[in-house]
Amino acid sequence: MITKIENVSRRKVLKTGGGAGVFMLATSLSGCGRKEDEITGAAVNALSKKLEPLNLFVSINEQGTVQVLCHRAEMGQHARTGMARVIADELEADWDKIDVLQAEGEAKYGDQNTDGSTTIRADFMRLRRIGASARSMLERAAAETWGVPAEECKAVMHEVVHQASGQRLSYGALAAAAAAFDPPAYEGEGFDPGAKTYSLKDPSEWRYIGKSAQIVDLDDITVGKAVYGQDVEMPGMKIAVIERGPVLYAKVKSFDGAAAEAVAGVSNVLKLPVGKREGGFNPLVGVAVVADNTWAAIEGRRALNIEWEEGANADYDSASYRAELEASVKSPQRVVRDKGDVDAAFASAAQTLTADYYVPHIAHAQMEPPAALAEYKDGKVEVWTSTQNPQQARLDLADILGVDYANVRVNNALLGGAFGRKSKPDFVYEAALLSRELGIPIKVIWTREDDLHHDYLHSVSAQRVEGAMGENGDLTAWRHRVTFPSIGTTFNPATEEGSAGELGLGFTDNPFATPNMRLENGKAKGKIRIGWLRSVNNIQHAFAVQSFAAELAEAAGRDPKEYLLELIGPDRVIDLAAEGLSVDYGNYNQPYVDYPIDTARLKNVINLAADGIGWDSELPAGRGMGIAGHRSFLSYVATAIEVAVSDEGDLDIVNVHVACDCGIAVNPESVVAQMEGGSIFALSNILNSAITVSGGRVDQNNFHDYRMARMHEAPKNVGVTLVESDAPPGGVGEPGTPPFAPALTNAIFAATGKRIRELPIGDQLRA
């Protein structure tokens, strides 16, 4: 088979696939792309023999080109660049001689799930060791070549230098000899003193970590050469679109495909062979229309006549469901955190304040809808797609298809956005099932309407927050209730309460120093697919907590920023037990000793954001400033916003300043981009984007009624301040989103006196 490999780097990529434990970033089969990029399989294999794998993630050829494998998905968060920079730094490699390749789904690479802002924070030390161990092997190879002690040899910018004599050998010249060694043990964690060992660089020696760099994919993306899941093609493939049930878990009672089959180009109309699987990431029941091209498949689907058995979820109406949630938070619920004597504090309060907040379902609405190409042949299946978790897709495919894990391969292309949607690979399974059924390669394409109607939506939520205040306006007690359908309902319909993980996203980890605090969670049943979306429950929790903090400040007659800092209290590392926080707080799956809740870091970013926007400036009528600070994914982010609101209710976001303390920032330029992108993502959700449901059916269809923020609605100025830090890296893909909404609505109040307690804003400013 002829394979063509697309260049995926700003440098000329060494075109190679398979062999030596590496393969190319974006592989498409003959039929798309440019002729000069075609390489025969023989040529690929011949070139592969020149590669010397030093470990699972690093290979070097005789010309000195270093191939670094990226086992996480690239979806605009710059994973490929950040991971490669860490490895290259410890490898002491020349960045211009680095090529980044994309890993397939494979257990040997470790966790490949690109969710939860984990790519750098979870793998930072591992990536450093990968690079440092390869460097040590090259130094050892040079030492044996020269017959000198290894400690006299030092890697310097893609060469190994014998410091006494000045002799030098390039990485390319040493690659074959170095590859013959077993990887050394890490000197620092229970290693064998008799074994060959290596150590990590001191941070003062870092060449790339902490320095900004252009992303490796930029040129290819800019000129349209980069390959995404929607781009992949192969000879003989057919296109499939699927009419899925209008209501969650609806069944096909009967269908007539005659009119669809009569559409020119349509070859097959069949019920999707999903068996009895239901829930989780399994495909929904539906009828597939298979055709020579996308247009024919869509036209054929329009001609289908299907009678549905809608089932129990047809009664789901988001308006009435909202009323149920809002009623539930008015009564006591399950207590998940309790500190002090809340009831006594409220009974003796000089003043009390209550506010209710609501956040609707939100869709991921990534620019590239899901797509997957699968070929099932002779008991084996190979898939080309864009997924955040290729390893999970491979495991599930083996189970769903009933084939051996070794007979499944999942190749991952660039993701045209994801925000959590593409870690749920139901679309991958659809393509594989249809390919097995029809015996030909099948590419399943989701339309924008499909994507909105059958998304794993962000959970709708209702919250009530109550504050008790003393005579001087200080907060004496905080009571907060939240009710939402849990993500767990997607996997187990009987689930009715939020998990500790969901509640630990900005709710149970409330950092306020009030002596009395009670946090409660109510029950809610799931009636539609719920999944994680960029920053997950931090969205609604930060909105309520930071909005109510500003409301308390207003009631106390205080400056909102200063009052927020007082709520957070003295600089301290929060003692979870003393603060009444339950021991099952997950802390984003990282040890609390390494990533504690540090109030000094949170207060610092609040002050920096305020300074960045000129917090104490005098503003004319119709203008106002708002601020919010939030810890999520082990990073601290504050957002300050200045708005202007006309007498007619037109909103103009004049200035935004974001301050971020994410610990060590591997590529600061990428962190800035994520803070900016997280803000714009939040803005789209805030202005006009809401998913509503009637009769079990999602009401919205496309971007005309599920609107993204337009250019004229975007902030006029956005600034980002990064805190220099030697703390372990935190996440950056998601933390920029949660504080934006409350900062914006607080600014709107400052400009207009109108409180916004529900999202999206919609026409509330014109009311």
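Listing for the model above:
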read-out	value
Selected from S461, T508, T476, residue furthest toward positive end of dipole (region 407-538; charges at beta carbon)	S461
Tail beyond 16 Å, pair distance distribution of region 308-361 (Cα, percent)	66 percent
Computed E for R302/A494 - FRET, C-beta separation, R0 41 angstrom, nearest 0.05	0.65
Hydrodynamic radius (Kirkwood) for region 203-284, which is based on Cα pairs only, to one decimal in Å	18.3 Å
Virtual spin-label span in nm between D404 and D584, 7 Å along Cα→Cβ	4.1 nm
Cα-based Lys proximity count in region 139-241, under 28 Å, for pairs eight or more positions apart or on separate chains	6
Among Y171, A259, Y198 the positive-end extreme of the charge dipole of region 161-260 (Cβ point charges)	A259
Gap separating the Cα centres of region 98-115 and region 327-356, nearest whole Å	47 Å
Sequence ranges 472-480, 107-115, 78-86, ranked by mean other-Cβ count within 10 angstrom, highest first	78-86, 472-480, 107-115
MRE, 222 nm, helices only [DSSP H, n ≥ 4, -39500 (n - 2.57), over the chain, to nearest 500]	-8000 deg cm²/dmol
Computed E for D378/R755 - FRET, C-beta separation, R0 51 angstrom, nearest 0.05	0.20
Modelled FRET efficiency - R0 56 Å, S254 with D650, Cβ distances, 0.05 increments	0.60
Cβ crowding within 10 Å averaged over residues, with 53-62, 423-432, 596-605 ranked highest first	423-432, 53-62, 596-605
Computed over region 390-480, the ratio Rg/Rh where both radii use C-alpha atoms and Rh is Kirkwood	1.33
Square roots of five times the Cα gyration tensor eigenvalues for region 712-767, Å	29, 13, 11
Relative contact order (%) - the chain, alpha-carbon pairs under 8 angstrom, separation at least six	13 percent
Ordering of 283-289, 159-165, 507-513, 702-708 by burial proxy (mean other Cβ atoms within 10 Å per residue, highest first)	283-289, 507-513, 159-165, 702-708
Inter-label distance, nm, simple model (7 Å from Cα along the C-beta direction), Y592/A347	3.1 nm
As computed over region 63-140, the Cα convex hull volume per residue (Å³)	95 Å³
Scattering curve values for region 40-175, log₁₀ I(q)/I(0), Debye with Cα scatterers, q = 0.21 Å⁻¹	-1.20
Q63 paired with V573, simple spin-label distance in nm, labels 7 Å along Cα-to-beta-carbon	5.0 nm
Whole-number percent relative contact order across region 333-482, with pairs defined as alpha carbons under 8 Å at least 6 apart	37 percent
Test item: Cα-centred dipole of region 209-335, Lys/Arg +1 and Asp/Glu -1 on Cβ, debye	420 debye
For the chain, share of DSSP beta bridges that run antiparallel, in % to the nearest 5	75 percent
Residue (of A494, W532, A542) at the positive-pole extreme of region 481-613, dipole from beta-carbon charges	A494
Gain in span if fully extended, S199 to R448, counting 0.36 nm per residue against the direct Cα distance	84.6 nm
Sequence-distant residues sharing a close amide H with W308 (under 5 Å, placed H)	K253
Partner aspartates and glutamates for K424 [C-alpha distance under 12 Å; skip if fewer than 8 residues away on the same chain]	D115, D396, D455
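Bear in mind these aren't lab numbers, they're just calculated from the coordinates by the rules spelled out. What you are looking at is a predicted structure, and each value in this text was computed from that prediction instead of being measured. Cβ atoms come from the backbone with ideal geometry, glycine included; neighbour counts cover every protein chain shown.
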